[in-house]
Amino acid sequence: MARVEPCDDRDVSGSWLVEGFPGVGLAGKIAADHLVETLSLTEHATVHCEGLPRVGVYETDDHGVHQPVRVHAPTPASADGASDGAGPLVLSSDVPVSPSSASGFAACVTGWFEEHDLTPLLLSGLPAAVEKDSEPPGVFGVASGDAVDHLDRVGLDTPPERGAVSGPTGALLNRADEVGLDAAVIVVEADPRFPDPEAARRLVQEGVEPLTGVDVAVDELTDRAEEIRQGREQLAKRMQEADDESSKAGPLRMYQ
């Protein structure tokens, strides 16, 4: 049965939910993983939707097996005030979602978003020219519903040309627009060949921080850029081989 299954009773209603799935430069994936680590988010729910790869994910620091698609949430405030329980949720995936499953996946999770009054903040990469100048990657925003007002509030630019978001991220945006759910997509120019920590940093600084109001340390994304690239190299190669499974933005001519 398709469902999002909470593993605790934390109240997450009314939060932003940041989605960072594998895509161009793995920018969204790197940004989402960084948010989980830096904000000390912990697993709140697992996602069980038809068409998701049936794999067991394991980590280096425990013997337990995890589902590949998970929702992480802030830890509730403790007695010593170590955490205030504030901040966004993060929906992340350790596996690509195939095009044939993207629509079903979007329908599966959007009902849970609506039930908890969540505002999806979707992250996507826009393939950048291989030979770029020294300018930082461009960051742009598009939205459905009243989330357009959020983009105006933080001054995010519109994309430089007409285009579309594809993959599971595009399916989520399409579904949100269809059912009248407010959702925003932050698009960053990213290297299509390799993992791109700089693009991830820009997503966090120019999109996630101003929209959600959370402060995120991003120096590590710069200081450990080479280590991050190497650690994500195999996933990046897989995404290049299965290009139609990527979450990415691009000009509409790619669909014509």
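The values are calculated or read from the model by the stated rules, or taken from the named source; none is laboratory data. Computed from a prediction, not measured in an experiment: that's the story for all the values here. A quick note on method: Cβ atoms are made from the backbone with ideal geometry, for glycine too, and the neighbour counts reach across all protein chains shown.
Couple of notes before you dig in:
- Any chance Ala190 is under 21 Å from Trp16 (Cβ atoms), at pLDDT 90 or above, among the small types (Gly, Ala, Ser) and within 17 Å of the chain's Cα centre (by Cα): no
- Among strands (runs of 3 or more DSSP E) entirely within segment 1-79, having at least 1 residues that are at pLDDT below 90 singles out 3-6.
- All positions within segment 179-207 that are part of a helix (DSSP H, G or I) and either in contact (Cβ under 8 Å) with a residue 60 or more places away in the chain or surrounded by 24 or more Cβ atoms within 10 Å (Cβ to Cβ) (or both): Val179, Pro197, Glu198, Ala199, Ala200, Arg201, Arg202, Leu203, Val204, Glu206, Gly207
- Residues of segment 149-167 satisfying the condition of being touching a residue at least 24 places away in the same chain (Cβ under 8 Å) and touching a Gly at 6+ places or on another chain (Cβ under 9 Å): His150, Leu151, Val154, Leu156, Pro159, Gly163, Ala164, Val165, Ser166, Gly167
- Within segment 26-44, the set of residues being touching a residue at least 60 places away in the same chain (Cβ under 8 Å) and among the aliphatic types (A, V, I, L, M) comprises Leu26, Ala27, Ile30, Ala31, Ala32, Leu35, Leu39.
- Just so you know, in segment 1-37 the residues that are within 17 Å of Arg70 (Cβ to Cβ) and of a type in the set (Val, Ile, Thr) include one that is surrounded by the most Cβ atoms within 10 Å (Cβ to Cβ), and it is Val18.
- Of residues in segment 126-153 being at pLDDT 90 or above and assigned to a loop (DSSP other than H, G, I, E, B), the one nearest to Gly213 (Cα to Cα): Asp146
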